[in-house]
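For reference, the structure discussed in these notes is given below.
The values are calculated or read from the model by the stated rules, or taken from the named source; none is laboratory data. What you are looking at is a predicted structure, and each value in this text was computed from that prediction instead of being measured. Note that we place each Cβ from the backbone using ideal geometry, even for glycine, and neighbour counts take in every protein chain shown. Note: areas computed on protein heavy atoms with side chains; ligands, DNA, RNA excluded. Shrake-Rupley method; radii C 1.70, N 1.55, O 1.52, S 1.80 Å.
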Amino acid sequence: SNNIVVAIDGYSSCGKSTLAKALANKLRFVYIDTGAMYRAVTLYFLRNNIDTTDTGKVTHALNDIHISFKPSPDGVRVLLNNEDVSDEIRQMEVASNVSTVAAIREVRQAMVKLQQLMGKSIDVIMDGRDIGTQVFPHAQVKLFMTADPQIRAERRYKELLPKNPAITMAEVYDNIAKRDHDDTTRDESPLVQAPDAIVLDNSYLTPDEQLAFTLGKIKPLL
Ligand code: C5P
């Protein structure tokens with residue numbers, strides 16, 4: 001098929017989804033947030049006390065998990081077995097456990113399969129950690145996003161504070177540092193820059209500047 005896939009990978013909290021949403025909106029592509037899929041699986045495992053070291057239990061649980069996206073006026077919503085879990089998956093409890101769940105081979109196999117299906121025949125912007133390396137190694141455009149960890153933590157802290165006034169900057173920073181470490185050192189599809197990815201360090205770039213830069217890379221292909 002000749003649909004276009006834009007793959008955006010990078011570290012935690014460096015604005016992948018902000019850029020992906022803006023691009024999708026501008027280009028009329030469908031935005032697929034693969035981190036939300038791993039977060040929804042994590043939420044299911046937490047709610048049902050699934051032992052993540054028990055492969056049989058994990059595989060069984062995966063058969064009971066149905067993840068989908070639903071467009072809505074306030075952006076795309078994530079559904080876990082038809083329940084809107086978009087807000088719940090952003091809580092610290094999920095953030096603290098998601099890298100463990102995302103490191104499980106069976107979980108990744110199931111999610112990658114679903115992601116490949118979602119981007120099979122329509123133009124998509126997909127963000128995550130392994131999109132340009134594993135999910136769509138032949139994506140027409142690959143971006144690798146990064147930013148100073150301290151700046152990333154400050155951005156994420158500001159975003160979480162209104163809904164979680166007890167949260168601390170140290171907690172947010174530690175979570176980001178831990179996820180960076182776990183995501184880059186795991187055996188299964190570690191976060192790594194694809195050789196043909198365009199690097200975008202957005203520490204000192206506004207969302208509009210990032211959008212303009214990226215559109216400049218995509219437009220020639222349309
Ligand atoms: O993008 P987000 O921060 O929401 O992703 C949450 C977690 O899901 C990441 O820290 C990573 O462990 C995992 N993830 C992944 N592969 C993806 C997307 C997310 O392993 N494609």
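Rounded to the nearest percent, how much of the accessible area of region 106-219 (1.4 Å probe, protein heavy atoms only) is carbon and sulfur? Each step should come with its number before you reach the end.
Numbers: 3380 of 5990 Å².
The C+S portion of the solvent-accessible surface of region 106-219 is 56 percent.
Determine the sum of side-chain charges near Tyr31: Lys and Arg each +1, Asp and Glu each -1, restricted to other residues whose C-beta is under 9 angstrom from that of Tyr31. Taking every other residue near Tyr31 into account, the sum is -1.
So between Ser68 and His138, what do we pick up on full extension, going 0.36 nm a residue minus the alpha carbon distance? Provide the component values of the computation, followed by the final result.
On the way: separation 70, 0.36 × 70 = 25.20 nm, distance 2.39 nm.
Answer, rounded to one decimal: 22.8 nm.
Full extension of the chain between Glu106 and Asn3 yields a length gain of 34.3 nm, computed as 0.36 nm times the residue separation minus the alpha carbon distance.
Where the only charges are on Cβ atoms (+1 Lys, Arg; -1 Asp, Glu), what is the dipole of region 55-141 about its Cα centre, to the nearest 20 debye?
Working: 9 positive and 11 negative charges, 78 e Å.
In debye, rounded to 20, region 55-141 gives about 380.
The Cα atoms of region 96-208 cover 42, 34, 25 Å along the three principal axes, with the biggest extent listed first. In the chain, Rg over Rh equals 0.94, where Rg is the alpha-carbon radius of gyration and Rh the Kirkwood radius from pairwise Cα distances.
Leaving ligands and nucleic acids out of the surface, order Ile218, Ile122, Ile4, Ile198 by accessible area at 1.4 Å, largest first.
Numbers: Ile218 0, Ile122 75, Ile4 20, Ile198 50 Å².
I get Ile122, Ile198, Ile4, Ile218, largest accessible area first.
Remark: region 134-147, residue by residue, has Karplus-estimated 3J(HN,Hα) of 10, 6, 10, x, 10, 4, 5, 10, 10, 10, 10, 9, 8, 6 Hz, where x stands for each Gly or Pro and the curve is 6.51 cos²θ - 1.76 cosθ + 1.60 at θ = phi - 60°. With a simple spin-label model that places each label point 7 Å from the Cα along the Cα-to-Cβ direction, the separation between Arg47 and Val192 comes to 3.5 nm.
Relative to the Cα centre, what is the charge dipole magnitude of region 1-150, using +1 at the beta carbon of each Lys and Arg, -1 at the beta carbon of each Asp and Glu, and rounding to the nearest 20 debye?
On the way: 16 positive and 16 negative charges, 93 e Å.
Value, rounded to 20: 440 debye.
Looking at region 105-215, the accessible area is 53 square angstrom per residue; that uses a 1.4 Å probe and ignores ligands, DNA and RNA. For region 65-161, the equivalent ellipsoid built from the Cα gyration tensor has semi-axes of 23, 19, 16 Å, listed from largest to smallest.
Computed about its Cα centre, the charge dipole of region 111-160 is approximately 100 debye, with only Lys, Arg, Asp and Glu carrying charge at their Cβ.
For Asp208, the solvent-accessible surface computed with a 1.4 Å probe is close to 120 Å², ligands and nucleic acids excluded. Over 32 Å between Cα atoms, which of Lys158/Lys217; Lys113/Lys158; Lys57/Lys178; Lys70/Lys217; Lys26/Lys158; Lys120/Lys158 qualify? Over 32 Å Cα-Cα: Lys113/Lys158; Lys120/Lys158. Where in region 138-202 are there trypsin sites (Lys or Arg not before Pro) that are in a DSSP coil and have at most 12 other Cβ atoms within 10 angstrom of their Cβ? Listed in order of number, the matching sites are Lys163. Taking Lys and Arg as +1 and Asp and Glu as -1, the other residues whose beta-carbon sits under 12 Å from that of Ala103 total -1. Are there trypsin sites (Lys or Arg not before Pro) in region 31-137 that DSSP puts in a loop and that have at most 14 other Cβ atoms within 10 Å, and which ones? Passing sites in region 31-137 are Lys120. The length gained on full extension between Lys217 and Lys158, counted as 0.36 nm times the residue separation minus their Cα-Cα distance, comes to 18.2 nm. Once Lys and Arg get +1 and Asp and Glu get -1 on their Cβ, which of Thr59, Asn3, Val78 lies farthest toward the positive end of the dipole of region 1-106? Highest projection toward the positive end goes to Asn3.
Remark: accessible surface ordering of Lys219, Lys16 (largest first) is Lys219, Lys16, probe radius 1.4 Å. On the principal axes of its alpha-carbon atoms, region 129-191 has extents of 43, 25, 20 Å, going from largest to smallest.
In this simple spin-label model, placing a label point 7 Å from the Cα along the Cα-to-Cβ direction at both Gln150 and Asp54 gives a separation of 4.5 nm.
May I ask you to rank Leu211, Leu23 by accessible area, largest first, using a 1.4 Å probe over the protein chains only?
Values: Leu211 30, Leu23 0 Å².
Result of the area sort, largest leading: Leu211, Leu23.
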